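The values are calculated or read from the model by the stated rules, or taken from the named source; none is laboratory data. These numbers were taken from a predicted model, which means no experiment stands behind them. Here the Cβ is made from the backbone with ideal geometry for all residues, glycine too, and neighbour counts use every protein chain on show. These accessible areas exclude ligands, DNA and RNA; they are computed on the full protein's heavy atoms, side chains included. Shrake-Rupley method; radii C 1.70, N 1.55, O 1.52, S 1.80 Å.
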Amino acid sequence: VHDNPALASALCEPGATYAVYILEEGHDGLRPPGGASRWWLHHALEALHARLAPLTGGLILKRGSSHTILPQLAEALGVTSIHWNRRYEGPAIELDSSLKSALQDKGLSVKSHNAALLHEPWTVATKTGGPYKVFTPFARACREKGTPDQPMGVPESADTSVINAASGLTLDALELLPRRPDWAGGIKEAWTPGEDGALTALDRFVEGPLARYHEERDIPGKRSTSRLSPHLRFGEISPRLCWHRVETADVPRKAVDKFHSELLWREFSYHLLFHNPDLGTQNFQPRFDAFAWAEPDPETLKRWHFGLTGYPIVDAGMRELWQTGWMHNRVRMVVGSFLVKNLLIDWRHGEDWFWDTLVDADPASNTASWQWIAGSGADAAPYFRIFNPILQGERFDPDGDYVRRFVPELATLPARFIHKPWEADAATLHRAGVRLGETYPRPIIDHGVARDRALAAYADLP
Ligand code: FAD
């Protein structure tokens, strides 16, 4: 509701304002949301309905084709003017533009706005007018454009007395929540979807971890990052608000710059997606089309999904994801590298699992990040950078706090073995109650062997 240009503009129009959400599934090319996103969406809509009550009398919910629903609704409500905030995935852009033309043909005024990004993709271009393919010059160009616009505030309450509840669906009719079994218990405990939850998360971050963000953001055992990603993903908080709010905090400049830089990675992902609408399915670098991915064995994939690979940092990450719908960024890189480089499984399998299980599953950041990890993306990690899951664990989770939290069967192992339990002697394992191969798996693959295999496969690329 804050910094929402479509809403603010609609409220400036004469007459009553109605807010509508259409769950549109099955449209050509529109990717259906994953399970965790559907859960979030349900609660986000519930929260939005409440926030909109004093402004528009709430939210009208619909399900189906926007091409059919919007004109009907406009006619029924006597609406002459429609506003929305823009989307940037290829199929959504096509849908929204054709919808705009169809509504305009019916005599309606339609205006779209930017709520989601600091800099829309076409506003940042190289000297020759093309898109950026490397992050650093992209980020420099964004910074050279000057400070992003200040966020708009929350619009004043409107007179909603004339608004009766226009016929919409109940939230339950959208069928967004999991059917039995309800797997969302851990997600519910970890998150508060909605604008209030988002603003509280920003406050908590600015007043706490922000001051050490530049030093601690890579430590998964600490609550050192903002956890704003699902809120940003669902438009519950404005990136402009995040950008400016950290500016005003009394913290080291390095912390602010680092946080701004992460917001710009999000912008870069959208820049890439806008200019490469197939980013989620096609290698950004076509030479990777010839890469010899291993045929994924379902059992191996399952062990990766559920955190049973025998590498504690990987297993902790995959279990954090399954339990809470989120994973720390450093660990996302480690588990991703493990899938594509140690197991030689096509990045699209990893992207798919993240799409289904992340509450922040984002069409731009998820695809751009997976391609970055695989080496097939823009400005990607070089193919020879193969994260060593033991060293990554020892460096970023030295006492094993993170592993102990998510892999409780290893909780009492001494720190020096926590990332390589197979090196512990029998007495140490016994004291910690660990029976390798029984209470905790042995490594699914030897890292050294996997590394050599990956390097050989990557060396064969044209
Ligand atoms: P903070 O460190 O507090 O950063 C603030 C904000 O900046 C984040 O909320 C996010 O919007 C943005 N951001 C931070 N890092 C990145 C990044 N590397 N790329 C793009 N934006 C970034 N992020 C998503 O929002 N959705 C995804 O689906 C997603 N999938 C990913 C998949 C892989 C394999 C990897 C390696 C990274 C992925 N990321 C994704 C990026 C990053 O991991 C998350 O944005 C971050 O962990 C969110 O936590 P936070 O909000 O505490 O981040």
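Listed values, structure above:
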item	result
Segment 365-454: mean projected area of Cα convex hull, nm²	7.1
Unit Cα scatterers, Debye sum, segment 69-118: log10 I(q)/I(0) for q = 0.16 Å⁻¹	-0.47
Cβ-derived FRET efficiency at R0 25 Å, Asp172 paired with Glu75, nearest 0.05	0.40
Zone residues, segment 16-54, relative to Lys111, backbone N less than 17 Å from point 7 Å out along Cα-to-Cβ	16-19
Scattering profile of segment 1-52 at q = 0.22, 0.25, 0.27 Å⁻¹ [log10 I(q)/I(0), Debye over alpha-carbon scatterers]	-0.97, -1.05, -1.09
Euclidean distance between Cα centres, segment 420-434 to segment 203-252, Å	38
Base-10 log of normalised Debye intensity for segment 305-462 (one unit scatterer per alpha-carbon) at q = 0.20 Å⁻¹	-1.26
Carbon/sulfur fraction of accessible area - the chain, other protein chains in place, 1.4 Å, %	51
Modelled FRET efficiency - R0 22 Å, Phe306 with Arg223, Cβ distances, 0.05 increments	0.35
Listed residues Trp265, Gly197, Pro151: farthest to the positive end of the dipole of the chain (Cβ charges)	Trp265
Paired Rg and Dmax values of the chain, which use every Cα atom, in angstrom	23.7, 80
FRET E, pair Val134, Ala102, Förster distance 35 Å, beta-carbon r, rounded to 0.05	0.35
Estimated translational D of segment 145-243 in µm²/s (Stokes, Kirkwood radius over Cα pairs; 25 °C; 0.890 mPa s)	144
Per residue accessible area in Å² of the chain, where ligands, DNA and RNA are left out and the probe is 1.4 Å	46
Long-range Cα-Cα pairs in segment 290-329 (distance over 11 Å), rounded percent	64
Calculated over segment 191-280: convex hull of Cα atoms, volume per residue (Å³)	109
Cα-projected label distance for Asp446 with Thr192, points at 7 Å along beta-carbon direction, nm	5.2
Tail beyond 15 Å, pair distance distribution of segment 257-323 (Cα, percent)	71
